[in-house]
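Trainee: Below is a structure I'd like to ask you about.
The values are calculated or read from the model by the stated rules, or taken from the named source; none is laboratory data. Just so it is clear, the model here is predicted, and its values are computed rather than measured. No Cβ is skipped: glycine too gets one built from the backbone with ideal geometry, and neighbour counts run over all protein chains shown.
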Amino acid sequence: MKAVIPAAGLGTRFLPITKSSPKEMLPIIDRPAIQYVVEEAINSGIEDIVIVTGRGKEAIERYFDMAYELERVLEERGEMEKLQEVRRISEMASIFFVRQKMPLGLGHAIYVAKNHMGEESFAVLLGDDIIVADKPCIKQLREIHKKYGCSVVAVQEVEKEDVRKYGIVEGEEVEKGVYRIERMIEKPSPEETASRNAIMGRYILTPAIFKCIERTEPGKKGEIQLTDALNLLLEKEDIYAYEFRGRRYDLGNKFDWLRINVEMAMQHDDFREKMRKFLQKILQD
């Protein structure tokens, strides 16, 4: 299975820093956010990855490329541990880049990777969503896909007042945490649906999605919404939703970026006790 990582968005929710730096390159401790997404794909058994970029996203390509000068300096200094870490980044998977020339929505971003996907089902991991889980989220979805043979979307329950922020799925629960989808609604008002199962940036899609994207009319802001294409796919195939196990962080949300840095620091051997004392001091003050 191959994977597509859309990373071409403008990052307007994280301005002003995203004026010159991709939000996917925001640091989480000592590595950029998108590395966590790539590692999730790799840890799910995927080694062939297409990252969809756009204008101003060249830093992502440079990050996963070899850095000859840096490697030479590290080798000359005898800093072999750092050298191995830098080399590992460029060797971790077969990563290809395609360009979405205009910000025309998530559906369009996936479509520009069509020629690389072939006729097999593929994974989609949004480049600004990080999911921390004992078992990688995409691996969980692959297991559901293998069982039912259909497209699968990752969902989690959100508060009623937050449904307007997400694509929401409605459907019948066929086993614990697994739903056969009947309808998907893009950012509905709380009055439009009783469901609170929100799509959370991870998908396994069958290749039939590409013809559905071709038929999808642009929606708000002239963008081609993946949710609209998935509703067209529902007319031909079953789609399932799965309540994945894990914690999701939206890197378009400034508080989530702060939260994941603190939580990751608390899991890091070098920082755990220092961070604990620091937080205790702040709370006492």
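Trainee: Assuming L279 fulfils every condition listed in (1) in a helix (DSSP H, G or I); (2) assigned by TED's automatic domain parsing to the domain that holds G167; (3) among the hydrophobic types (A, V, I, L, M, F, W, C) apart from one, which condition is it?
Mentor: Here L279 clears every test but (2).
Trainee: Where in segment 194-263 are there strands (runs of 3 or more DSSP E), lying fully within it, with 1 or more residues that are of a type in the set (D, E)?
Mentor: 239-243, 247-250
Trainee: If we scan segment 29-44, do we find a residue that is more than 19 Å from I131 (Cα to Cα) and of a type in the set (A, V, I, L, M, F, W, C)?
Mentor: Within segment 29-44 (the criterion being more than 19 Å from I131 (Cα to Cα) and of a type in the set (A, V, I, L, M, F, W, C)), the answer is no, since none of the residues qualifies.
Trainee: Let me ask you something else. Could you please let me know if K2 is of a type in the set (K, R) and modelled with pLDDT of 95 or more?
Mentor: yes
Trainee: T206 is checked against (1) modelled with pLDDT of 95 or more; (2) over 24 Å from V37 (Cα atoms); (3) not hydrophobic (A, V, I, L, M, F, W, C) and fails just one. What number does that condition carry?
Mentor: Condition not satisfied by T206: (2).
Trainee: Need the failing condition index for K57 against (1) in contact with a Lys or Arg (Cβ under 7 Å, 6 or more places away or on another chain); (2) surrounded by 17 or more Cβ atoms within 10 Å (Cβ to Cβ); (3) closer than 21 Å to K114 by Cα, just the number.
Mentor: Condition (1) is where K57 drops out.
Trainee: When segment 161-172 is examined, which residues are found to be within 19 Å of R202 (Cα to Cα) and touching a strand residue (DSSP E or B) at 6+ places or on another chain (Cβ under 9 Å)?
Mentor: Residues satisfying the conditions are D162, V163, K165, Y166, G167, I168, V169, E170, G171.
Trainee: From the list I144, I138, which residue is part of a helix (DSSP H, G or I), assigned by TED's automatic domain parsing to the domain that holds E61 and in contact with a Ser or Thr (Cβ under 6 Å, 6 or more places away or on another chain)?
Mentor: Testing whether each residue is part of a helix (DSSP H, G or I), assigned by TED's automatic domain parsing to the domain that holds E61 and in contact with a Ser or Thr (Cβ under 6 Å, 6 or more places away or on another chain) leaves just I138.
Trainee: Could you run through segment 186-209 and say how many residues are closer than 18 Å to E223 by Cα and surrounded by fewer than 19 Cβ atoms within 10 Å (Cβ to Cβ)?
Mentor: Result for segment 186-209: 3.
Trainee: Only one of R245, R272 is loosely packed, with under 15 Cβ neighbours inside 10 Å, closer than 22 Å to A33 by Cβ and modelled with pLDDT of 95 or more. Can you tell me which?
Mentor: R245
Trainee: In the same structural domain as I49 (by TED's automatic domain parsing), surrounded by fewer than 18 Cβ atoms within 10 Å (Cβ to Cβ) and among the hydroxyl-bearing types (S, T, Y) - does that describe any residue in segment 91-100?
Mentor: The answer is yes; a qualifying residue exists.
Trainee: Related question: Scanning segment 76-114 for residues that are in contact with an Asp or Glu (Cβ under 9 Å, 6 or more places away or on another chain) and either assigned to a loop (DSSP other than H, G, I, E, B) or of a type in the set (K, R) (or both), which turns out modelled with the lowest pLDDT?
Mentor: By that ranking, first place goes to P103.
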